[in-house]
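The block underneath contains the structure these notes are about, expressed in structure tokens.
The values are calculated or read from the model by the stated rules, or taken from the named source; none is laboratory data. Remember, predicted model here, so these are calculated numbers, not experimental data. Neighbour counts run over all protein chains shown; Cβ positions are idealised from the backbone, glycine included.
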Amino acid sequence: MTNDPKGPLAGLDPFDLFDAEAERLDRYFRELGAEGWDRPSRAAGWSVRDVLGHLAGEELYNHACLDDDIDGFTAMLRREGVDGGFDGFNEWCVEKRRGVPVEAVLQEWRRENGDTRERMRALGHEAPLPTFAGPYPVGLQAFHYASEYATHADDAGAPVTEGEAGERAWWRARVGAFVLAERDSKVQVELTADGVRVSADGTSELLPAPVFVEATVGRLPDDHPLDRGLKTALRCLA
């Protein structure tokens, strides 16, 4: 699927968004002291340092896609005894880096992610990228990565200024709407000037864009009043 010029992603540059969220994380990481790294993140079971370890480790997969070497990546996981799909891979990435000095992990992430972003931008929006799910347009993959980085920036507590919060929530809502449609979700999504209208199984709610985003990335608190069925159906980017 390509970026429909009239669809929810129209006018958005995924490479710019990916760069912006990577830069947000980098600025935040540069300023952290020991207490900041050890603080629990919003990602269940992970400290802020673990979020960095995850980001650094997942570049192994990102580079395997860019190198068209999914088979080599799979063989590496077998050699390392990693199972459990992407959840198992993510935990392995975090565990493997917990004993490494944080500055070394930070440098690894900067180097490898910088290379990922540069190579993806050079390939362009429509180039096919090998993935576990098959070839996928580079530009659309960059939207997924930008969304993930925004989620983990929030998980780690990276600041978002008041001036950028609204626009940031809106592009993330547009990505969520696209992914739900791409997956043929049962949820109908309408982006409106007043928020995001979501409807499924006879239930309809108008959500503020930030709430819709939190639902799509699985970060709404358990006691949030959103209908439980909608909450489950909206989770598509976590």
#### Entry: Condition check for A158: among the small types (G, A, S) and under 24 Å from V51 (Cα atoms)
yes
### Message
Go through the range 20-46 and report how many residues are surrounded by 19 or more Cβ atoms within 10 Å (Cβ to Cβ) and under 29 Å from M76 (Cβ atoms).
### Response
7
### Task
Mind telling me which of the residues F89, F132, F143, F178 ends up being over 24 Å from V213 (Cα atoms), of a type in the set (F, W, Y) and in contact (Cβ under 8 Å) with a residue 40 or more places away in the chain?
F132
### Query
Within the bounds of the range 103-111, is there any residue that is part of a loop (DSSP other than H, G, I, E, B) and not small (G, A, S)?
no
### Task
Scan the range 156-199 for residues that are β-branched (V, I, T) and surrounded by 12 or more Cβ atoms within 10 Å (Cβ to Cβ) and jot them down.
V160, V175, V179, V187, V189, V196, V198
### Query
What tally of residues in the range 47-83 results from selecting those that are buried (at least 19 other Cβ atoms within 10 Å of the Cβ), out of contact with any Phe, Trp or Tyr (no Cβ under 6 Å at 6 or more places or on another chain) and β-branched (V, I, T)?
1
### Message
From the list V138, V105, exactly one residue is crowded, with 16+ Cβ neighbours inside 10 Å, modelled with pLDDT of 95 or more and under 25 Å from A177 (Cβ atoms). Which is it?
### Response
V138
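Yes/no per residue for (1) on the phi > 0 side of the Ramachandran plot; (2) touching a helix residue (DSSP H, G or I) at 6+ places or on another chain (Cβ under 7 Å); (3) not basic (K, R):
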{"site": "G11", "(1), (2), (3)": "yes, no, yes"}
{"site": "F15", "(1), (2), (3)": "no, yes, yes"}
{"site": "D19", "(1), (2), (3)": "no, yes, yes"}
{"site": "L25", "(1), (2), (3)": "no, yes, yes"}
{"site": "R30", "(1), (2), (3)": "no, no, no"}
{"site": "G33", "(1), (2), (3)": "no, no, yes"}
{"site": "R42", "(1), (2), (3)": "no, yes, no"}
{"site": "D69", "(1), (2), (3)": "no, no, yes"}
### Message
Being within 14 Å of the chain's Cα centre (by Cα) and without any contact (Cβ under 8 Å) to a residue 12 or more places away in the chain: is that true of E214 here?
### Response
yes
